[in-house]
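Contents: one structure, followed by commentary.
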Amino acid sequence: MRGREICVDQRSEAWHEARLGRLNSSHAERMLAKGRGNSESDKAKRLRLELVTERLTGLPTQTVTVTVPMQRGIDLEPRARRAVEARGALVQTIGYVQHEDDAVQAGASPDGLMLAEDGDGHLVPSSVLEIKCPTSVRHCQTLASGGTVPTAYWPQLRHLAWITGLPITFASYDDRFRNPAQRLYVATHSLEQ
């Protein structure tokens, strides 16, 4: 895996400190937002200003209000990870990964690393796991599309791949589906997609 792992629990004070002033996967959509013509978008300008301010002050510029759907996703993530593991995968939890170049102030918080044996029998990361516990409609959309990852997730997934240098294993999980076979969708996507 490319990047440097910071051993912290996600959402802990140390995790928030590690992310401070860095371009994180949750920022990717704003970073890639397009302005008119060739100009920078207002979202990207605001993000750049926020990150610079965090570096100068050592304080976060945003407080995230956790919505009911967000909390549901946070609460279900361990169950979703176990569902991925129940399909025979080995998953290692991970806190935060900083870009391999210290001059690049960027990082990511993967939901896990998928492990596989290398030629010597050692377990090594084979892909980075990103779990979504979306609304039932969005999960159904993913299932109905034959597993096409919703467009809204691609900026975050590309950022995860950029930081880690690994393919992405995308998992969509919804425990509200009556048929257990429909509760989990998992697919690995390479960097080129």
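The values are calculated or read from the model by the stated rules, or taken from the named source; none is laboratory data. None of these values were measured; they are calculated from a predicted model. FYI the Cβ positions are ideal-geometry reconstructions off the backbone, even for glycines, and counts take in every protein chain you see. We work out accessible area using only protein heavy atoms, side chains counted, and drop any ligands, DNA or RNA first. Shrake-Rupley method; radii C 1.70, N 1.55, O 1.52, S 1.80 Å.
Here is how the numbers come out for the structure above:
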| quantity | calculated |
| --- | --- |
| Neighbour net charge for Glu130 - beta-carbon separation under 13 angstrom, K R +1, D E -1 | +1 |
| Positive minus negative residues near Val8 (Lys, Arg vs Asp, Glu; Cβ under 10 Å) | -2 |
| Whole-Å semi-axes of the ellipsoid equivalent to the range 153-193 (Cα gyration tensor, √5λ, descending) | 26, 9, 7 |
| P(r) histogram, all alpha-carbon pairs of the range 1-101 included - 10 Å bins from 0, percent | 13, 32, 36, 16, 3 |
| By accessible area with a 1.4 Å probe, ligands and nucleic acids excluded, highest first: order of Glu50, Glu100 | Glu100, Glu50 |
| Theoretical gain in end-to-end length, Glu13 to Ala187 [0.36 nm per residue, Cα-Cα removed] | 59.4 nm |
| The range 15-85 versus the range 146-160: alpha-carbon centroid distance in Å | 15 |
| Average accessible area per residue (Å²) across the chain - probe 1.4 Å, nucleic acids and ligands excluded | 57 |
| Long-range Cα-Cα pairs in the range 118-162 (distance over 16 Å), rounded percent | 52 |
| Full-extension gain in nm, Glu5 to Leu32, via 0.36 nm per residue minus C-alpha separation | 7.2 nm |
| DSSP-defined beta bridges in the chain - what % are antiparallel, rounded to 5 | 75 |
| Area of His16 that stays accessible when all protein chains are in place (1.4 Å probe, Å², to 10) | 100 |
| Label-point separation in nm, Phe177 to Glu100, each point 7 Å along Cα→Cβ | 3.6 |
| Label-point gap, in nm, between Leu56 and Met70 - each point 7 angstrom along Cα→Cβ | 2.6 |
| Sequence-separation-based contact order of the chain, relative, with Cα cut under 8 Å and 6+ spacing, percent | 24 |
| Under Karplus coefficients 6.51, -1.76 and 1.60, residue-wise ³J(HN,Hα) of the range 63-76 in Hz, glycine/proline x | 10, 8, 8, 7, 7, 4, x, 5, 5, 4, x, 4, 5, 7 |
